[in-house]
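Here's the structure, in structure tokens; my notes come after.
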Amino acid sequence: MLDIKLIREKTEFVRQRLATRGAGDETKIDELLKLDEQRRKALAEVESLKSLRNRLSKEIGALMGQKKLAEAEAKKAETKNLGDQIAALDKQASESESARDTLMLQLPNLPHESVAIGKTAEDNPEIRVHGTKTSCDFTPKTHVELCESLKLVDFQRATKLSGSGFLLYTNWGARLERALIQFLLDLHVTQHEYTEVSPPFMVGEQCMVGVGQFPKFKDQYYGVAEGGDANNLGKLYLVPTAETPVANIHREELLKETDLPIRYCAYTPCFRGEAGAAGVGTRGMIRVHQFDKVELIKIVKPEHGYDELEKMVANAEKVLQLLGLHYRVILLCTGDMGFGSAKTYDIEVWAPGQGSYLEVSSCSNCEDFQARRMNLRFKSETGENKFPHILNGSGTALARLFVALIETHQQADGSLHIPEPLQPYLKASRITA
RNA sequence: GGAGAGAUGGCUGAGUGGUUUAAGGCACACGCCUGGAAAGCGUGCGUAGCUAAUCCCUACCGGGGGUUCGAAUCCCCCUCUCUCCGCCA
């Protein structure tokens, strides 16, 4: 959520920054300010009436204390109609306020000044590249072919269980998936100063609002119903990312400045409806309804937000470096960024079988946008209550990492070489048919 | 699922209709004291809106509604927490 004061005081600046996203959000500003003005006007009136009522009520109390009952009754009569006026104005003020807040929740974050202005993924500048595309003297198989020949994933039977877009890992595939999760958590916890947490895989609506998934993108997620009772559908949602539960851990709290920075690392499966997305329903692991991910979350003082973002990207890159994968880091342009983000880096890993790069990490600084939505603050040393910056980054998403890994390390004989850092986790250096 | 208890500021904890403009304590900040510290003493200290303002004023005691001139306090609904019982991995 944006700061309403910023919108009031620097209206043109906000309008221009919103316009860089190219989604037309800047057109909502006039309506927003109108509602804000209505609210403030009603509030000023109702507050002076309340002030009057409070004064009279006190006088009535004093009169009754002195047993001057007749005078008290007279004053009561005088005060009586104030109540209706107050109720009417209160209603006006709260209606304006809730209309204003509904609009506020729909407005995306302002892009940081360092973000390139652009419309689509075509406009995303490449920041750096690590390694080179693998050149092998045979035609690389796709991950689907490898999964079938090495029996890592049973696509067919997964469909029988849950429909398209779900994976059934089998034997070495299941072991590899588990090894990767363990490897990622250990890396971030022991080498990168994150505290491991294991959150619920279902969250309440408030969490979805807190990080910005609701109300705007409600159709993207899975709601669950307990038992056969359709009435409680929507009380809980399957997490689309660990960001949702973990970023909300300190929701509604007032932290001490010395509590910061907070750095969390969590594994969860991620559930996504992928409504309208290309590639759902086709075979393979690139876009599925459920995948595993290890997520990094930071809650930091505003002045450290962008340093911490750079470190977070480096933490995610380390994963790919250790696994011997070629990747590039790109900066998302204003038009391609997520709703709550002020600045986002994507990491794309090379998948030789696909002949393309796959997004395996997205690291964002949401600044105070999410903290405002969840009313998470910290008390500074000077006694001020401030909103911290909240950052999230994948470290990394697994199904696609799995794809890049097996496509990159496949051998001419059809077997799979396991990179050295992963071997202790898999307890194998090679997978063969 | 059944029964009971509860939800008050950063924490704790009083408060059953009118100096509660939320007591007291802890924590925190500053000062006194001290060779220095602890203890002790003094002062300050909730959140948000409004505002040039740390002045006023208004709101906020889990959330929503009601009664009243006036509600933390009385009534109704909801949510959550705890204890016990049942069921259960």
**Request:** Tell me which residues, restricted to the stretch A:350-402, are assigned to a loop (DSSP other than H, G, I, E, B) and within 16 Å of RNA strand B (Cβ to nearest atom).
**Result:** A:Asp368, A:Asn375, A:Leu376, A:Ser380, A:Glu381, A:Thr382, A:Gly383, A:Glu384, A:Phe387, A:Pro388
**Prompt:** Which one is farthest from RNA strand B (Cβ to nearest atom), of the residues in the stretch A:65-82 that are farther than 12 Å from A:Leu52 by Cα and among the aliphatic types (A, V, I, L, M)?
**Reply:** A:Ala70
**Prompt:** Pairs, please: C-beta under 8 Å, at least 6 apart or cross-chain, first residue within 19 Å of A:His289 (Cα to Cα) and among the acidic types (Asp, Glu) and in the stretch A:224-245, second part of a helix (DSSP H, G or I) and modelled with pLDDT of 90 or more?
**Reply:** A:Glu243/A:Val211
**Message:** Criterion first (more than 9 Å from RNA strand B (Cβ to nearest atom), within 25 Å of A:Phe214 (Cβ to Cβ), not in a helix (DSSP H, G or I) and not aromatic (Phe, Trp, Tyr)) does A:Leu105 satisfy it?
**Reply:** no
**Request:** With the condition kept exactly as written, say whether any residue in the stretch A:53-60 is free of Cβ contacts under 8 Å to residues at least 60 places away in the same chain, crowded, with 16+ Cβ neighbours inside 10 Å, assigned to a helix (DSSP H, G or I) and more than 13 Å from RNA strand B (Cβ to nearest atom).
**Result:** no
**Message:** For the stretch A:117-132, check the following and say yes or no: at least one residue is more than 14 Å from RNA strand B (Cβ to nearest atom) and either surrounded by 19 or more Cβ atoms within 10 Å (Cβ to Cβ) or among the aromatic types (Phe, Trp, Tyr) (or both).
**Reply:** yes
**Fill in**
Those residues of the stretch A:3-47 that are over 30 Å from A:Lys119 (Cα atoms), without any contact (Cβ under 8 Å) to a residue 24 or more places away in the chain and not charged (D, E, K, R) come to a total of 1
**Prompt:** Going by the conditions given, is A:Lys50 free of Cβ contacts under 8 Å to residues at least 12 places away in the same chain and within 7 Å of RNA strand B (Cβ to nearest atom)?
**Reply:** no
**Request:** Considering each of A:Glu45, A:Glu26 in turn, give the residue that is more than 8 Å from RNA strand B (Cβ to nearest atom), in a helix (DSSP H, G or I) and within 23 Å of the chain's Cα centre (by Cα).
**Result:** A:Glu26
**Message:** What are the pairs with Cβ atoms under 9 angstrom where one residue, in the stretch A:372-387, is in the same structural domain as A:Glu253 (by TED's automatic domain parsing) and without any contact (Cβ under 8 Å) to a residue 60 or more places away in the chain and the other, located anywhere, is of a type in the set (A, V, I, L, M) and within 8 Å of RNA strand B (Cβ to nearest atom)? Sequence gap at least six, or different chains.
**Reply:** none
**Prompt:** Do you know which of the residues in the stretch A:29-42 that are surrounded by 15 or more Cβ atoms within 10 Å (Cβ to Cβ) and more than 10 Å from RNA strand B (Cβ to nearest atom) is farthest from A:Leu82 (Cα to Cα)?
**Reply:** A:Ile29
**Request:** Please specify each residue of the stretch A:68-89 satisfying the condition of being crowded, with 17+ Cβ neighbours inside 10 Å and either under 49 Å from the mean Cα position of the chain (by Cα) or under 30 Å from A:Tyr345 (Cα atoms) (or both).
**Result:** A:Ile86, A:Leu89
**Message:** When you scan the stretch A:94-104, do you find a residue that is of a type in the set (D, E, K, R), outside the structural domain of A:Val211 (by TED's automatic domain parsing) and under 30 Å from A:Leu332 (Cα atoms), even just one?
**Reply:** yes
**Meets criteria (touching a residue at least 24 places away in the same chain (Cβ under 8 Å), closer than 26 Å to A:Val189 by Cα and of a type outside the set (D, E, K, R)) for A:Cys270** = yes
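The values are calculated or read from the model by the stated rules, or taken from the named source; none is laboratory data. Bear in mind the structure is a predicted one, so any value in this text is a computation, not a measurement. Please note: Cβ atoms are built from the backbone with ideal geometry, for glycine as well, and neighbour counts cover all protein chains shown.
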